[in-house]
Amino acid sequence: MDFTFTEEQLQIQSIAREFAQRRIAPVAAEFDQSGEFPRDNILEMGKLGLMGIEVPVEYGGAGMDSISYVLAMIEVAAADCAHSTIMSVNNTLYCNGLLQFGTEEQKHKYITPIASGEAIGAFALTEPQSGSDATAMRCRAVKQADGGFIINGKKSWITSGPVAKYILLFAMSDPAQKAKGVTAFMVDTARDGFRHGKKEPKLGIRASATCEIEFADYHARADEVVGDEGKGFKIAMGVLDAGRIGIASQACGLGRAAYEATLAYVRERKAFGQPIGAFQMTQTKIADMKCKLEAARLLTLRAAWLKQEAARTGARFSTEAACAKLTASEAAMWIAHQAVQIHGGMGYSKEMPLERYFRDAKITEIYEGTSEIQRMVIARNETGLR
Ligand code: CAA
């Protein structure tokens, strides 16, 4: 087993770190406050190859591996979670999904502008009444004589929904078949029949734009079906396996930022005549933060490595991705919580980033499958029972 990174992996990590610290970190609080979408930064990230890291160069991406993606995500998330959310959905849920399941024509048409960062991609599975129970979706796609579909319905909590050019959509084409009745489609947001709904007001990741989207007799052509008809649920689940590694990386980055801020603070801040880091109660917290962070990082890198191997072996990595996401998101939440506590009043103040880390961390335990869903996936796979 070799824990060293390649030259190429270290290079993208360093590019991402430099950009994140120079361009993102100084404006993160401002974007959090305004809730404005950081369009210029995202465009620049596209130019650096960060919006399509694993996409082959022929489709406009950086052509790098899954470990590179994790390393870059960690750096961006350490500067700002909202930026990394936009990056993660673009890279994994959108580009990776199409790379795996799209036709050659679909890859050229729908990945190239998105992987290069010129435009943004989104993924639409969740609905107002169906989140964890994804097969309970009501968005309906009715097949037409020409092989196309008419789509009607609503999707909610769509990350980058307000700004996306294209969306990978999942709709029910045969409700009687439940999971086997879901079909995936490419949606062009400029076409008639597509409309943006209400914006979601959020606790954290406020600069990542999120909204409902609505379809009213939207016509999807036959060549806009992604994968086979009725295979949409498996596509969504496979894409989410990869997506969960992105969220795990995000949680590792956020947790690291909260940990490093805390480490600096406990060395400086004095109480009762000594640095607070010298007190055993603080030291216990520091040790636990460090262990949780290391465990999260190793599980995430291992899941990314397995994902890479899966391209060759075809083996599923659902359990490992769920373990990584569960461990990393709960670590990030716990570390952010302790970081606020150790900083005391300053942790609660908007003059420091700790309260933002605390608000941002919560979403990592919710989106792309709640912690309860990750536990369900792991336990079902381990026991073979359901
Ligand atoms: N890969 C491939 N196929 C899979 C799969 C996977 N990871 N997981 C399940 N499947 C297949 C199963 O094998 C089964 O197929 P067969 O019948 O042929 O065997 C089929 O899919 C149905 O599987 P289940 O019976 O297990 O389905 P279920 O209804 O019990 O649901 C679930 C399983 C794990 C709970 C799933 O619904 C789930 O993951 N829910 C959470 C959804 C989620 O993560 N939503 C996040 C929204 S996206 C988001 O947050 C984006 C954002 O903007 C950031």
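The values are calculated or read from the model by the stated rules, or taken from the named source; none is laboratory data. If you're wondering where the values come from, they're calculated on a predicted model, not measured in any experiment. In this analysis, Cβ positions are derived from the backbone assuming ideal geometry, glycine residues included, and neighbour counts consider all displayed protein chains. The accessibility values were calculated without ligands, DNA or RNA, using every heavy atom of the protein model including side chains. Shrake-Rupley method; radii C 1.70, N 1.55, O 1.52, S 1.80 Å.
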Exercise. If we sort 225-232, 91-98 on the protection proxy, mean other Cβ atoms within 10 Å, highest first, what's the order?
Worked result: 91-98, 225-232
Exercise. Given H placed 1.01 Å from N in the peptide plane, which residues other than close sequence neighbours of Y218 have an amide H under 5 Å from its amide H?
Worked result: I151
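Quick check on the chain: what are the equivalent-ellipsoid semi-axes from the Cα gyration tensor, as sqrt(5λ), descending, whole Å?
36, 21, 20
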Exercise. Once Lys and Arg get +1 and Asp and Glu get -1 on their Cβ, which of P353, A16, L298 lies farthest toward the positive end of the dipole of the chain?
Worked result: P353
Seminar exercise, completed: Check: C-alpha center segment 314-379 vs C-alpha center segment 112-191, spacing in Å is 27 Å
Seminar exercise, completed: Spelling it out for M352: with amide H atoms placed in the peptide plane at 1.01 Å from N, the residues 5 or more places away or on another chain with amide H under 5 Å from its amide H are none
Seminar exercise, completed: If one compares the long axis through the Cα atoms of helix 318-343 with the longest principal axis of the Cα atoms of the chain, the angle in degrees, nearest 10, works out at 40 degrees
For this session: Run the accessible area of segment 148-229 with a 1.4 Å probe and give the carbon-and-sulfur part as a rounded percent.
Result: 49 percent
Exercise. Which cross-chain or sequence-distant (5 or more) residues have an amide H under 5 Å from the amide H of K231, H modelled 1.01 Å from N in plane?
Worked result: A184
Exercise. Which loop-located GluC sites (Glu not before Pro) does segment 290-364 contain, where loop means any DSSP state but H, G, I, E or B and the Cβ has at most 10 other Cβ atoms within 10 Å?
Worked result: E351
Seminar exercise, completed: A correct Karplus calculation of ³J(HN,Hα) over segment 197-210, with 6.51 cos²θ - 1.76 cosθ + 1.60, θ = phi - 60°, whole Hz and x for Gly and Pro, returns x, 5, 6, 8, x, 10, 5, x, 5, 6, 7, 8, 6, 9
Seminar exercise, completed: One would report the Cα pair-distance distribution of segment 234-383, bin width 10 Å, in %, as 12, 38, 27, 15, 7, 1
Exercise. Ignoring ligands, DNA and RNA, what accessible area per residue does the chain give at 1.4 Å, in Å²?
Worked result: 44 Å²
Problem set entry | Accessible area in the full protein assembly, largest first, 1.4 Å probe, for T319, T6 | T6, T319
Seminar exercise, completed: Computed for the chain: size of charge dipole around the Cα centre, +1 on C-beta of each Lys and Arg, -1 on C-beta of each Asp and Glu, debye to nearest 20, value 920 debye
Problem set entry | Separation of alpha-carbon centers, segment 41-108 and segment 218-289, rounded to whole Å | 17 Å
For this session: Would you work out the charge dipole size for segment 7-120 about its Cα centre, treating the Cβ of every Lys and Arg as +1 and the Cβ of every Asp and Glu as -1, and quote it to the nearest 20 debye?
Result: 100 debye
